1. Around Ala214, what is the net charge, scoring Lys/Arg as +1 and Asp/Glu as -1 over all other residues with Cβ under 15 Å from its Cβ?
2. Starting from the Cα gyration tensor of segment 205-249, take the square roots of the eigenvalues, sort them a ≥ b ≥ c, and report rounded, prolate or oblate (rounded when a/c is under 1.5, otherwise prolate if a/b is larger than b/c, else oblate).
3. Taking the Cα of Tyr159, stepping 7 Å toward and past its beta carbon, and measuring to each backbone N in segment 170-212: which are under 18 Å?
4. Please compute the contact order of segment 61-250 in relative form: average sequence separation of alpha-carbon pairs under 8 Å and at least six residues apart, divided by the residue count, as a percent.
5. Take His212, His168 and order them by how many other Cβ atoms sit within 10 Å, fewest up front.
6. How far apart, in nm, are the 7 Å Cα→Cβ label points at Lys53 and Glu217?
7. Give me a comma-separated list of calculated 3J(HN,Hα) values for segment 240-249, in order, Karplus coefficients 6.51, -1.76, 1.60 applied at θ = phi - 60°, integers in Hz, x for any Gly or Pro.
8. Considering the dipole of segment 52-199 built from charges on the beta carbon (Lys and Arg +1, Asp and Glu -1) around the Cα centre, which of Leu154, Leu64, Gly126 is farthest to its positive end?
Amino acid sequence: MQISKYAAIGAGLLLLAGCSHADKRQARTAGQHAELGSKAQASRQPTPPPPRKIDCDQVKCVALTFDDGPGPYTAGLLDTLKKNGARATFFMLGENVGAHAAVVRRMALEGHELANHSWSHPQLTGLSPAGVRSQIQRTQQAIAQASGGVRPTLMRPPYGATNKRVGHDIGMPLILWSVDTLDWRYRDVARDTRVGIKEPQPGGIVLYHDIHKASVESIPKVVDGLKKRGFTFVTVSELFQGQKLTPGVTYTERLKPAPVTASPPPAGSSAGPAGPGPTRPGNPASPAPSSTG
Ligand code: NI
């Protein structure tokens, strides 16, 4: 049995390498075996699944987002999301990542989006350019290290506070929200649940904080209620598929396709260009972000 097994492995190596009979013996050297072994091991290392192809112009999408973690309740939240096949986005503080590295790795492997919410939650508009860049870069590194190499592409400024200079220094699209649950203020499961089910509109971004127990406890029913409303749970990057996001520009929800109108908008209209494209800060269709974030 052993002999035929090795013969099969040898034949496999020959096929793969396209090598001669003489090479067969070389391929059996310890070094080769070690190299093949480590390659096999590397390919066995789980890797994050790619974003799914979901057309959020056709499908009723919502992006649940969780800020300020990871924390002690985040693993339980991942259990809820997994059970429901729901993906979410985590805007994490770099200073919290190291203590919850396994949870961050798990987020990545389960298809959630890892995103940057600064290192220590300062109001970035009060920092120097170097200070802003440090808040961003340290967090990028912490998340990459914990997750096994995932580098966030989206940022949410603490308190939603930004301006043109800060946006430039951050250098990533700035993701705010269309639904502010105010979970951080009320810490009330029933209220968090009610708001989370009722308020989201298709293409919306919902703000929760996974550092609060009540918020995390509300999510099973929120997911249930939104499913009944016909929603699909997507990451923020999935939400914006097909729409180009620009670094330094603020987004609060997926832009609606341009409505088909009989006549063009009046000249000098302040509505901006119709159709998908970079948003203006604070989409007028959405409630203005409050100072939570
Ligand atoms: Ni925050």
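1. Summing Lys and Arg as +1 and Asp and Glu as -1 gives -1.
2. On the way: a/c = 4.16, a/b = 1.54, b/c = 2.71.
Oblate.
3. Taking a point 7 Å out along Cα→Cβ of Tyr159, the residues of segment 170-212 whose backbone N falls under 18 Å are 170, 175-177, 182-185.
4. 31 percent
5. The most exposed by this proxy come first: His168, His212.
6. The answer from the label model is 4.3 nm.
7. Those phi angles translate into 9, 3, x, 10, 7, 9, 10, x, x, 9 Hz.
8. Going by the Cα projections, it comes out as Leu154.
Bear in mind that the values in this text are calculations on the coordinates, not laboratory data. The shown structure was predicted, so the numbers you read here are calculated from the model rather than taken from an experiment. Note that we place each Cβ from the backbone using ideal geometry, even for glycine, and neighbour counts take in every protein chain shown.
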